[in-house]
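The values are calculated or read from the model by the stated rules, or taken from the named source; none is laboratory data. What you see is a predicted model, and the numbers here were worked out from it, not measured in a lab. No Cβ is skipped: glycine too gets one built from the backbone with ideal geometry, and neighbour counts run over all protein chains shown.
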Amino acid sequence: MAPMFLSNFFENPDRVIRLWEIAQSSFWPLLEGALKFSIPLALISFAIGLMLAVLTAVARLSGLWPLRLLARFYVSIIRGTPLLVQLFIIFYGLPNLGIVIEPFPSAVIGFSLSVGAYGSEIVRAAILSIPKGQWEAASSIGMTYAQSLRRIVLPQAARVSIPPLSNSFISLVKDTSLAAVILVPEMFRRAQEIAAFRYEHLLIYVEAALIYWVICMILSFVQDQIEAKLDRYVAK
C-alpha cells in the first residue's frame, strides 16, 4: 500500500511542486515563530521557574513548618493538575475575577509555575545528595545555616542538578506549543494558521516537528558540552 501511495504521489509532478512551494513559503514564518516566541518564552519561563524552584526547595527543607507546608501545597497542586488546564485557568478563567492577562505573560506565568514545581524536586534532591559532612564543616568554621547553604551546599548542588534541569529545559521548549491554545503566536500556532489556510496539515505539522527536533538536537549538544566540562572538576 505504501509503495502505491508513493507511486501515485510522484506521478503527479504538479502536486510535488506545490508541496515544495508550500514548504518553502511556510519555513520562515514557522522559524520566526520559534525564534521570536517559542525560544524566548522557554528562556524567560525557565529563568523565573528556576529561581522559584530554588526557593521552593529551600522552603521544603526549612525548619519552619508553615514554609514546608506552603511549598508542599504548591508542588502538589502544580504537579497534580495538567499544564494545559493551568494555562486555561490563567488566561480564560482569571478574567471572570476581573484579572485580564495578555497571552504571552499568561504563558510565562503558567510555564514558570510548572518549572518551579518540578524543578524544586530536582534541586531538593541535589541538596540532599550533598554529604552532611559539608554542613558540619561549614558550621565548624562559624558559618550560619544560610551562609552554609549559599556558599557551600548550593554551588555543589548546582553541578548535580544541571543534567536533569537541562532535560527539563528541553522539554519546556517542546511544551511551549501548548501556548498556542491561549493565542500566543509561537511556532505551533503559526503552523495551525498556515495549515488551515493551505489545507496541507500533514506537510506543515511535519515541518514544524522537524524544526522542534533540530532545536532540541542543538540544545542536547549544548547540554553534553556543559556536562563534559563539569566532569573535569569531579574527582574520579
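Key figures
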| quantity | calculated |
| --- | --- |
| Residues of segment 196-214 classified as β-branched (Val, Ile, Thr) and exposed (fewer than 14 other Cβ atoms within 10 Å of the Cβ), total | 2 |
| Some residue of segment 11-30 being modelled with pLDDT of 95 or more, among the hydroxyl-bearing types (Ser, Thr, Tyr) and closer than 30 Å to Ile204 by Cα | no |
| Residue ID - modelled with the highest pLDDT, chosen from residues in segment 92-129 that are exposed (fewer than 13 other Cβ atoms within 10 Å of the Cβ) and among the hydroxyl-bearing types (Ser, Thr, Tyr) | Tyr92 |
| All positions within segment 48-76 that are of a type outside the set (Val, Ile, Thr), over 18 Å from Ala126 (Cα atoms) and assigned to a helix (DSSP H, G or I) | Trp65, Pro66, Leu67, Leu69, Leu70, Phe73, Tyr74, Ser76 |
| Within segment 177-208, tally of residues that are in a helix (DSSP H, G or I), farther than 13 Å from Ser38 by Cβ and of a type outside the set (S, T, N, Q) | 15 |
| Some residue of segment 147-161 being surrounded by 15 or more Cβ atoms within 10 Å (Cβ to Cβ) and under 17 Å from the mean Cα position of the chain (by Cα) | yes |
